[in-house]
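Structure record follows, encoded as structure tokens.
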Amino acid sequence: MVRVRFAPSPTGPLHIGGVRTALYNYLFARKNGGKMLLRIEDTDQTRFVPGAEQYIVEALGWLGIEFDEGVHVGGPFGPYRQSDRKPLYRRYAEQLVADGWAYYAFDTPQSLEERRKAAEAQKGTFQYDCTTRMSMENSLTLPADEVRRRLDEGQPYVVRFKFPEGVDITVHDMIRGEVTMNSRLLDDKVLFKSDGMPTYHLANIVDDHLMEITHVIRGEEWLPSAPLHVMLYRAFGWEDTMPRFAHLPLLLKPEGNGKLSKRDGDRLGFPVFPLEWHDPKSGEVSSGYREQGYLPQAVVNMLALLGWNPGTEQELMTMDELVELFDIEHVSKNGAKFNVDKARWFQHEYFQQLDDETVAAMLDDQVRAHVVEAGHDYVLEVAKLMKERITFPRELWDTCRYFFVAPTEYDAKDVAKRWSPDMHIHMQKVIDILDTVPFEYDAIHQALLEDYIKGNGLKMGSVMNSLRIAVVGRTVGPDMLTLVMMLGKDETIKRVKRAIDTITV
Ligand code: GLU
């Protein structure tokens, strides 16, 4: 039974790189008929940010990434918040010490700082590891009764992992293959502190084991920690049930040099967070995909393809199709460049899939917000006609406003290009035609385009674009006669009259 987890730390809003990690876990779980759980890793209280956990739950819910177990839905392996599991970890730390895989270290922050400075003076760096641990103040160097006394007295300590010297540790990564590191290079990481809190490494391994996680799918930034994790499984004697690892490629800046950051989003005008985030400390607001009007399906589809492809050219995939097609084998080893245009393209595609009534309801809200009255059928008709030009809901009003209010200004450039002095005469003729022929598409087409414009050898582009300037304010919009039919005879004539009276060339 496949069991995967998404295990964020609530240190702020969830970056879209984290969302992608959650998505890949979800797709993998569903594809394999497994379970997906949400575990909150909040053991580092100094980095805890209020509201971050709720944000994570809300963001993943918005995107349709569902969990079978987790902090918000419960489940048989709970609690799913590490701070609620605090009493559990001590005994695992103590077991490692008893088995010789870890030791108590009493070094004070000051003494560690001194060692660091001394190393720097020698142009080196200090690392607490197999080469230095025997010169430090810990249960490997102090007599046993002294260690006992210090512990009984409640002196502050940490438990450090004791890497065996000179062993090659191999991580079998599903994406990268075998990654081997020698323990000589690795420092004796802190696993547990005397305040009773485990560090990330200990809590993560203990919980993955107790929650029977089969696959750890996470960001590449955790690859350097993986040898320690493999060693911890060995130290606990859990190697035979150790999960398989898959480290996902980084999400890169659009230019490809370095990790995608919030600053890139600010610089290039796209969100790097799923939802808007109000920083509780600074009050700073960061934009979110949801508030920008992105559809969750568009964000999911775009993220799925940042670092994975189905092995074909297919780009548009629903969540169900993604589940069907997803496989770790097609996850790339290389970082994936974020592409703003592509994000907008997906959004445009998914916007087109919205049904007309949904788009009409969005448009209706904006029409009302501009204190304009319009009937439902009319709004629906506008929505149907204009949908293909829309990417974000917020564009609806600006793109469609001339269906609801007459222009009061005329684009100077368009006027200069299209409105010649004789246009007043031709526009007067338009009014006459609209007034006299039956108000039907074909009849107007015949009378205006065929008989008048073509019949008199006039330039089609000039006359029709001038009419457009009169009705719309500039030379944009759908088929001109369709627009005239929708606005109706009186409104069209009113607009053309106003243009004749206003435009001077
Ligand atoms: N808490 C870690 C994070 O914030 C989890 C890393 C992992 O998946 O092991 O990303």
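The values are calculated or read from the model by the stated rules, or taken from the named source; none is laboratory data. All values derive from a computational prediction rather than experimental measurement. A quick note on method: Cβ atoms are made from the backbone with ideal geometry, for glycine too, and the neighbour counts reach across all protein chains shown.
Would a scan of the stretch 264-277 turn up a residue that is away from the ligand (no atom under 16 Å from the Cβ), surrounded by fewer than 17 Cβ atoms within 10 Å (Cβ to Cβ), over 30 Å from P87 (Cβ atoms) and in contact (Cβ under 8 Å) with a residue 60 or more places away in the chain?
yes
Name the residues in the stretch 16-41 that are farther than 17 Å from A246 by Cβ, more than 10 Å from the ligand (Cβ to nearest atom) and either in a loop (DSSP other than H, G, I, E, B) or within 16 Å of the chain's Cα centre (by Cα) (or both), would you?
I16, G33, listed by residue number.
Being in contact (Cβ under 8 Å) with a residue 12 or more places away in the chain and among the small types (G, A, S) is the filter here, so list the residues in the stretch 417-443 that pass it.
S420 - this is the single residue of the stretch 417-443 that is in contact (Cβ under 8 Å) with a residue 12 or more places away in the chain and among the small types (G, A, S).
Regarding the stretch 178-186, can at least one residue be identified that is aliphatic (A, V, I, L, M), in contact with a helix residue (DSSP H, G or I) (Cβ under 8 Å, 6 or more places away or on another chain) and within 16 Å of the ligand (Cβ to nearest atom)?
yes
Test R160 against the stated conditions and say whether it is modelled with pLDDT of 95 or more, of a type in the set (K, R) and assigned to a strand (DSSP E or B).
Yes; evaluated as a whole, the condition is true for this residue.
Which one is nearest to the ligand (Cβ to nearest atom), of the residues in the stretch 203-223 that are of a type in the set (D, E, K, R) and more than 19 Å from L260 (Cβ to Cβ)?
Here the residue is D208.
Being without any contact (Cβ under 8 Å) to a residue 60 or more places away in the chain and in a loop (DSSP other than H, G, I, E, B) is the requirement here; does N456 meet it?
Yes; evaluated as a whole, the condition is true for this residue.
Can you list residue pairs whose Cβ atoms sit under 6 Å apart, with the first residue in the stretch 3-17 being more than 19 Å from V73 (Cα to Cα) and in contact (Cβ under 8 Å) with a residue 40 or more places away in the chain and the second being more than 10 Å from the ligand (Cβ to nearest atom) and assigned to a strand (DSSP E or B)? Count only pairs 6 or more apart in sequence or on different chains.
Here the result reads P13/F273; P13/W277; G17/L251, each pair linking the stretch 3-17 to a residue that is more than 10 Å from the ligand (Cβ to nearest atom) and assigned to a strand (DSSP E or B).
With T11, T46 as the choices, which residue is within 12 Å of the ligand (Cβ to nearest atom), more than 14 Å from the chain's Cα centre (by Cα), surrounded by fewer than 24 Cβ atoms within 10 Å (Cβ to Cβ) and closer than 22 Å to S83 by Cβ?
After ruling out the rest, the residue left standing is T11.
Going residue by residue through the stretch 391-407, is there one that turns out to be of a type in the set (S, T, N, Q), closer than 30 Å to L306 by Cβ and more than 24 Å from the chain's Cα centre (by Cα)? Steps first, please.
From the stretch 391-407, those of a type in the set (S, T, N, Q) are 391, 399; that's our starting set.
Okay, now just the ones that are also closer than 30 Å to L306 by Cβ, so 391, 399.
If we keep only those that are more than 24 Å from the chain's Cα centre (by Cα) too, we end up with 399.
Within the stretch 391-407, one or more residues are of a type in the set (S, T, N, Q), closer than 30 Å to L306 by Cβ and more than 24 Å from the chain's Cα centre (by Cα).
Could you please let me know if E53 is surrounded by 18 or more Cβ atoms within 10 Å (Cβ to Cβ), at pLDDT 95 or above and of a type outside the set (A, V, I, L, M)?
Judged against the criteria, E53 is a match.
Please find, among V476, V505, the residue that is at pLDDT below 95 and part of a loop (DSSP other than H, G, I, E, B).
Values: V476 fails: at pLDDT below 95.
Residue meeting the stated conditions: V505.
Could you check F67 against (1) away from the ligand (no atom under 13 Å from the Cβ); (2) part of a helix (DSSP H, G or I) and say which number it fails?
(2) is the only condition that F67 fails.
Taking the stretch 396-407 as the region of interest, how many residues are without any contact (Cβ under 8 Å) to a residue 40 or more places away in the chain and either part of a loop (DSSP other than H, G, I, E, B) or charged (D, E, K, R) (or both)? Break it down into steps so the answer makes sense when it comes.
Within the stretch 396-407, the subset without any contact (Cβ under 8 Å) to a residue 40 or more places away in the chain is 396-401, 404-405.
Adding the requirement that they be either part of a loop (DSSP other than H, G, I, E, B) or charged (D, E, K, R) (or both) leaves 398, 401, 404-405.
Of the residues in that region, 4 qualify.
So which residues in the stretch 187-202 are more than 15 Å from the ligand (Cβ to nearest atom) and in contact with an Asp or Glu (Cβ under 7 Å, 6 or more places away or on another chain)? Lay out the reasoning, then the answer.
Pass one, the stretch 187-202, residues more than 15 Å from the ligand (Cβ to nearest atom): 187-188, 190, 192-196.
Across the stretch 187-202, the qualifying residues are D187, D188.
Identify the residue in the stretch 400-430 that is more than 30 Å from L363 (Cα to Cα) and of a type in the set (A, V, I, L, M, F, W, C) and, among all such residues, is surrounded by the most Cβ atoms within 10 Å (Cβ to Cβ).
The extreme case among them is V430.
Within the stretch 221-264, can you find the residues that are closer than 19 Å to W308 by Cα and of a type in the set (A, V, I, L, M)?
Scanning the stretch 221-264 gives L223, A246, L248, L250, L251, L252, L260.
Could you list, ordered by first residue, the pairs with Cβ atoms under 7 Å in which the first is in the stretch 197-216 and at positive phi and the second is more than 9 Å from the ligand (Cβ to nearest atom), at least 6 apart or interchain?
E212/R3
Residues L252, L232, L151: which one is of a type in the set (A, V, I, L, M) and within 16 Å of the ligand (Cβ to nearest atom)?
L232
Please indicate, with yes or no, whether at least one residue in the stretch 82-90 is in contact with an Asp or Glu (Cβ under 7 Å, 6 or more places away or on another chain) and crowded, with 21+ Cβ neighbours inside 10 Å.
Yes.
With respect to L96, is the statement that it is farther than 30 Å from R234 by Cβ and either in a helix (DSSP H, G or I) or away from the ligand (no atom under 13 Å from the Cβ) (or both) true?
Spelling it out, it is not the case that L96 is farther than 30 Å from R234 by Cβ and either in a helix (DSSP H, G or I) or away from the ligand (no atom under 13 Å from the Cβ) (or both).
Take G61 and decide whether it is exposed (fewer than 12 other Cβ atoms within 10 Å of the Cβ) and either modelled with pLDDT under 95 or out of contact with any strand residue (DSSP E or B) (no Cβ under 7 Å at 6 or more places or on another chain) (or both). It would help to see each step written out before you state the result.
Working: exposed (fewer than 12 other Cβ atoms within 10 Å of the Cβ): no; either modelled with pLDDT under 95 or out of contact with any strand residue (DSSP E or B) (no Cβ under 7 Å at 6 or more places or on another chain) (or both): yes.
Spelling it out, it is not the case that G61 is exposed (fewer than 12 other Cβ atoms within 10 Å of the Cβ) and either modelled with pLDDT under 95 or out of contact with any strand residue (DSSP E or B) (no Cβ under 7 Å at 6 or more places or on another chain) (or both).
Say whether the condition of being in contact with a Phe, Trp or Tyr (Cβ under 9 Å, 6 or more places away or on another chain), farther than 26 Å from Q155 by Cα, surrounded by fewer than 21 Cβ atoms within 10 Å (Cβ to Cβ) and at pLDDT 95 or above is met by at least one residue in the stretch 187-208.
no
List every residue pair whose Cβ atoms sit under 6 Å apart, with the two residues 6 or more apart in sequence or on different chains, where the first one lies in the stretch 34-53 and is farther than 19 Å from D208 by Cα and the second, anywhere, is of a type in the set (V, I, T) and near the ligand (Cβ under 9 Å from one of its atoms).
These pairs meet every condition: R47/T11; V49/T11; E53/I40.
Scan the stretch 372-394 and report the pairs whose first residue is assigned to a helix (DSSP H, G or I) and whose second residue is modelled with pLDDT under 95 and loosely packed, with under 14 Cβ neighbours inside 10 Å, with Cβ atoms within less than 9 Å and a gap of 6+ or a chain change.
Correct list of pairs: empty, since none qualify.
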